[in-house]
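The values are calculated or read from the model by the stated rules, or taken from the named source; none is laboratory data. Just so we're clear, the structure is a prediction, and the values are computed from it rather than from any experiment. Note that each Cβ is placed from the backbone with ideal geometry, even for glycine, and that neighbours are counted across all protein chains shown. Side chains are part of the model used for accessible areas, which takes the heavy atoms of the whole protein and leaves out ligands, DNA and RNA. Shrake-Rupley method; radii C 1.70, N 1.55, O 1.52, S 1.80 Å.
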Amino acid sequence: MRADDPHLKRLTPPTLTISEKFFLPQIAAGLAVTAKHMFGVVFKDKAFTVQYPEQQEIQVGQPVNLRTSAVYRGVHRLNKDEQGRVKCVACMLCATACPAHCIDIVGATAPETWPDREKYCESFVIDELRCIYCGMCEEACPVEAIELTGLYDLTGLSREQMIFDKTKLLSVFDVTKEGEPMRFGQPPRPEITPPTALAAPDTTATNP
Amino acid sequence: MATIIINGQEHTLPEGEKLNAIQMAKRVGVDIPYYCWHPALSVVANCRMCEIEVGSKDPKTGEIKMIPKLVPGCQTPAKDLTVIVTDSAKVKEHQRMIMEFLLINHPLDCPVCDQAGECGLQDYSYEYGQSNHRFIEERIVNPRKDVSSAIQLNQDRCIMCTRCVRFTREISQTGELQVMNRGNHAEIDVFPGHPVDNPLAGNVVDLCPVGALLDKDFLHKQRAWFLSKHDSVCTRCSTGCNISAEENRGQLWRFKPRFNPQVNDYWICDEGRYSYKAANDPALLSAMYLRQNNDLQPAPIDQALKTVGETLGRIAAAGDITAGVLSPFLTVEEAYLMASYIKGLNAANILALGPVPTQGHDRTFTPDQVKGRNGDTSFIVPRPFTIHAEKCPNRKGVEAILEHFQGEVITWGDFEGRAALGDFKAAYVASDAIDPWIDNERAASLRSKVEYLVVQDTTVTPLAERADVVLAGATFAEKAGCYVNANGRLQYSEAALPPRDGSLPDLDVFAILLHRAGGPVRSQEILAELAEAVPAFRAVAGGRVPEFGVSITEPARVGVAPFPFNDPWNESRVQVGAKNA
Ligand code: SF4
Ligand code: SF4
Ligand code: SF4
């Protein structure tokens, strides 16, 4: 989009009221919230602390709306299309966008049996140790093939185990697809208006 | 001198230059977008992208009269008092409409298109187009097809500029490609059984401003923005075509032609185009070897070089003769240092030219200014393109150096003959040839006649297997330096790859043997020394090589300097992203 695009909306920050400009009432309001929470913890046993790992909030494959946050950025997955083929078209835009340079893709011409596809990824490797979980890759992907899941308990016994190849990334999709459906299952069509169709599930209610 | 008024500014064009509006505007920094026009092809004005407002100024009254309709810039000569307007609302609206038309049937599949990043449609969509697509009717979908075993055509991306068709008619003069059908159903195709397989075929891929014609060798392997480009010279034959050697992650991925009006114009041949593969060969020598207990053992670089220096020094001190063989694959800088080294050991030492590989006959394509073309072709400077039978880059340069050092050139055949007579105690053969260049039998007979044999090469050859010392030199992609082509033009070639593990560029090898002070050598300083020492190389005094090279056999021509030209979508691209990932 260009700077002079007529669709761009220019916003100005709201002006502060007198009490906001004074700051002190705001500080007092903040302190009141802190005090309320302290009261809750000490007298009403409403602590937020979780005894991890003995007590685990989320199990793999659990529906996404039970999670602490639907926008948590954990381990990557490579999505599959309706026919079970990897969705990735090996455009390498994720590798281009990745600030940590941790994505390595080998592109190849799609097999003859995929007449609707031009190109696919022959190999797709992410170094999960180098990754900074910024989510730029899923942002860049034009076909919604790469997504960061809510899986946060990422452990391994060696560096090699933490370098995820295509098979492993596709298997992450298999274990998480129930709980976290693909954010963009269908290619966008004119009749679907993205904002409503994509509204994130309300997750705040499940906070203890 | 002509005065041309572009967007209200007066510019002058020197006498004798014939430019059209696009070239003239580009020279003064004004872009007129175009697709179908190419400086070496006839003008068809079919893409309509370059339409501008044109008029003329009356020399007496100063009154400006504009042509009421827009006119294609490619067909507008930059004559005296031509008025060109490229930035009016009328022109801009026209450009937007053309972009929308061109994209009507386009699949918009940039993510899987190899042209992305160097695509005329992408660049101009951004600059002159619009971000939405209003066409909701069904698009014409064309399956991809092969126009030759090396070139694929994705017809739905084609914008029918016919550059490829004109290339095969006017430059290669083979005429394989043509437009089939009409209007909305027009497509590029070949006659069944007549693929685009002429020796220059790959150029249609470079010419295609969009991703319609694709090189199957490069297909889907890399993205254009990952590649770092190095201005090199092709070493596949003695034409010395200017190329851009494109590298990523320590590997070459493709060669693309670079404009040089004195050598290759805008083209390269397919043999040269795919010769990059030799630089990626995993079997290249990856260590230096010393013969110990009658077996070649890998040795550290410094130890190998020390052994060579000491042994050759001892042989020279005993008054025995060492023969140095300089292959025509060495750069002039390397040849100069090697000759200085061998002659410096013992003035009676002999220098010979390595084997000069030849294959077939020279083949020249001579595009005509008028024949086979249509429309006004007076802008076109037709330049012949020759693929030489001599498959090495620098015979002339090495010969000039040999002549300077010993007054004559001893050919490889003469050298073998003299070696067979037992004239030489030791031989130092520097090769770096691309193809296998010696067979077992000849290697064995040479080996048996010399007591000490040093072979400097990039691949394991029968001679290397029999050598006392094997030095791993640099491939054409790993060395920087100058080559003198078949017409005596000296050109600089940049290194595209770092030296392989275990190898050392030949220039450094000779510098170490010569005990040169001052750390790693730079080819420019050697070239400057060479220009001082050898009169034939006076033209490159100070080690400065002009952009299009310089002829060392004929005096510099005066005249209008050719103006470098590149399609805008191939120009000055930035590199982003996972380059070093
Ligand atoms: S989350 Fe960020 S750092 Fe990790 S792979 Fe994606 S783009 Fe790279
Ligand atoms: S951006 Fe998406 S489609 Fe492109 S390579 Fe990455 S995962 Fe594959
Ligand atoms: S294939 Fe490329 S060069 Fe040939 S007409 Fe189509 S767009 Fe032009």
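Taking only region A:98-118 into account, find how many residues are open to solvent by 40 Å² or more (accessible area, probe 1.4 Å) and within 13 Å of ligand 2 (Cβ to nearest atom).
Going through region A:98-118 one residue at a time, the tally reaches 2.
Inside region A:132-171, can you point out the residues that are open to solvent by less than 40 Å² (accessible area, probe 1.4 Å), away from ligand 1 (no atom under 13 Å from the Cβ) and part of a helix (DSSP H, G or I)?
The answer is A:L170, and nothing else.
Quick one: which of A:C88, A:C121 is assigned to a loop (DSSP other than H, G, I, E, B), at pLDDT 95 or above and either open to solvent by less than 40 Å² (accessible area, probe 1.4 Å) or facing another protein chain (nearest Cβ under 9 Å) (or both)? Steps first, please.
On the way: A:C121 fails: assigned to a loop (DSSP other than H, G, I, E, B).
None of the others qualify; the one that does is A:C88.
Mind checking which strands (runs of 3 or more DSSP E) fall wholly inside region B:169-257 and carry at least 2 residues that are of a type in the set (V, I, T)?
So the answer is B:187-190.
Take region B:240-264 and flag every residue that is in contact (Cβ under 8 Å) with a residue 40 or more places away in the chain, more than 14 Å from chain A (Cβ to nearest Cβ), open to solvent by 10 Å² or more (accessible area, probe 1.4 Å) and over 19 Å from B:A150 (Cβ atoms).
B:E247, B:F259, B:P261, B:Q262, B:V263
For region B:19-45, enumerate the residues that are open to solvent by 10 Å² or more (accessible area, probe 1.4 Å) and either outside any loop (DSSP other than H, G, I, E, B) or of a type in the set (D, E, K, R) (or both).
Answer for region B:19-45, where residues must be open to solvent by 10 Å² or more (accessible area, probe 1.4 Å) and either outside any loop (DSSP other than H, G, I, E, B) or of a type in the set (D, E, K, R) (or both): B:Q23, B:K26, B:R27, B:D31.
I'd like to verify a number: residues in region B:189-211 that are within 14 Å of chain A (Cβ to nearest Cβ) and within 13 Å of the chain's Cα centre (by Cα), how many?
Total meeting the criteria: 0.
Which one of these is more than 26 Å from B:F329 (Cβ to Cβ), within 16 Å of ligand 3 (Cβ to nearest atom), over 12 Å from the mean Cα position of the chain (by Cα) and surrounded by fewer than 21 Cβ atoms within 10 Å (Cβ to Cβ): B:L219, B:L214?
Unique residue meeting the criteria: B:L219.
Restricting to region B:85-131, name every residue that is free of Cβ contacts under 8 Å to residues at least 60 places away in the same chain, within 12 Å of chain A (Cβ to nearest Cβ) and not in a helix (DSSP H, G or I).
Result: B:P107, B:L108, B:D109, B:G129, B:Q130, B:S131.
Can you tell me which residues in region B:212-226 are within 16 Å of ligand 2 (Cβ to nearest atom) and more than 10 Å from chain A (Cβ to nearest Cβ)?
Across region B:212-226, the qualifying residue is only B:A224.
For B:F329, indicate whether it is assigned to a loop (DSSP other than H, G, I, E, B), among the hydrophobic types (A, V, I, L, M, F, W, C) and modelled with pLDDT under 95. Reasoning before the result, please.
Numbers: assigned to a loop (DSSP other than H, G, I, E, B): yes; among the hydrophobic types (A, V, I, L, M, F, W, C): yes; modelled with pLDDT under 95: no.
The answer is no for B:F329.
Tell me whether region B:74-84 contains one or more residues that are within 14 Å of chain A (Cβ to nearest Cβ) and in contact with a Pro (Cβ under 9 Å, 6 or more places away or on another chain).
Checked region B:74-84: no residue is within 14 Å of chain A (Cβ to nearest Cβ) and in contact with a Pro (Cβ under 9 Å, 6 or more places away or on another chain).
Check region A:124-131 and report whether any residue there is within 12 Å of ligand 1 (Cβ to nearest atom), open to solvent by 50 Å² or more (accessible area, probe 1.4 Å) and within 14 Å of chain B (Cβ to nearest Cβ).
Yes, because at least one residue in region A:124-131 is within 12 Å of ligand 1 (Cβ to nearest atom), open to solvent by 50 Å² or more (accessible area, probe 1.4 Å) and within 14 Å of chain B (Cβ to nearest Cβ).
Does B:C74 meet the test of being surrounded by 14 or more Cβ atoms within 10 Å (Cβ to Cβ), assigned to a loop (DSSP other than H, G, I, E, B) and touching a Cys at 6+ places or on another chain (Cβ under 9 Å)?
no
Between a residue in region B:139-153 that is in contact (Cβ under 8 Å) with a residue 60 or more places away in the chain and within 14 Å of another protein chain (Cβ to nearest Cβ) and any residue that is surrounded by fewer than 19 Cβ atoms within 10 Å (Cβ to Cβ) and in a strand (DSSP E or B), which pairs come within a Cβ distance under 6 Å, given they are 6 or more apart or on different chains?
Correct list of pairs: B:Q152/B:D146; B:L153/B:K145.
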